[in-house]
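Colleague: Here it is, the structure in full.
The values are calculated or read from the model by the stated rules, or taken from the named source; none is laboratory data. The shown structure was predicted, so the numbers you read here are calculated from the model rather than taken from an experiment. In this analysis, Cβ positions are derived from the backbone assuming ideal geometry, glycine residues included, and neighbour counts consider all displayed protein chains.
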Amino acid sequence: MAHFKGSDKRSLGTLDDLSALEETIRAGLESPNIIYAVRLEGDFDRVDARSEHPQPEGHRPFNKTIALVQTTFAFENRQGTLVGFWFPEHMKAINVSGFHFHFLDAEHAVGGHVFDLRLRAGTLQVMPIFDFGMHLLHTPLFEQVDLSREDEAATRAVEKAPDQTPTG
């Protein structure tokens with residue numbers, strides 16, 4: 001979470017996919033070692049997103065349960081706001097490095113975790129974050145689970161696209 005106070009607004013034209021947006025944002029970053037918050041208000045041809053239901057009891061890696069708990073959506077011809085964060089590679093032990101985005105349409109009716117999009121036009125703002133705080137869960141499950149087994153590559157893959165079939 002961040003109290004967003006964006007930088008100068010930058011107009012964007014058509015972007016064919018999420019990778020193009022990420023490349024556009026990355027090109028304007030002051031440093032790859034800083035956390036950034038991103039806000040894009042725009043007119044979207046399409047937003048591919050998902051939401052997740054609570055995971056089953058106990059702990060299994062997210063890539064093993066995502067197909068069981070997610071619902072995917074394709075929103076077409078929507079105005080809305082995309083918000084997200086960029087986490088530097090050196091913070092990968094704390095959070096998934098790279099970009100993470102969520103979308104909410106202008107009516108506040110639909111949204112979710114974004115894994116692809118097509119933008120017609122929009123206004124981009126980026127904010128560097130120099131102060132980072134983190135709260136850990138205080139539950140018996142969290143305190144006892146062995147998180148050293150988490151697979152970074154599998155987690156990164158789950159962030160980028162929906163996996164329709166559970167593995168393992």
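Colleague: Confirm whether Ser51 is out of contact with any Lys or Arg (no Cβ under 8 Å at 6 or more places or on another chain), at pLDDT 95 or above and either surrounded by fewer than 17 Cβ atoms within 10 Å (Cβ to Cβ) or assigned to a loop (DSSP other than H, G, I, E, B) (or both).
Modeller: no
Let's see how each residue does on (1) over 13 Å from the mean Cα position of the chain (by Cα); (2) at pLDDT 95 or above; (3) under 27 Å from Phe132 (Cα atoms):
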{"site": "Gly58", "(1), (2), (3)": "yes, no, no"}
{"site": "Pro61", "(1), (2), (3)": "yes, no, yes"}
{"site": "Thr65", "(1), (2), (3)": "yes, no, no"}
{"site": "Lys92", "(1), (2), (3)": "yes, no, yes"}
{"site": "Gly98", "(1), (2), (3)": "no, no, yes"}
{"site": "Phe103", "(1), (2), (3)": "no, yes, yes"}
{"site": "Val114", "(1), (2), (3)": "no, yes, yes"}
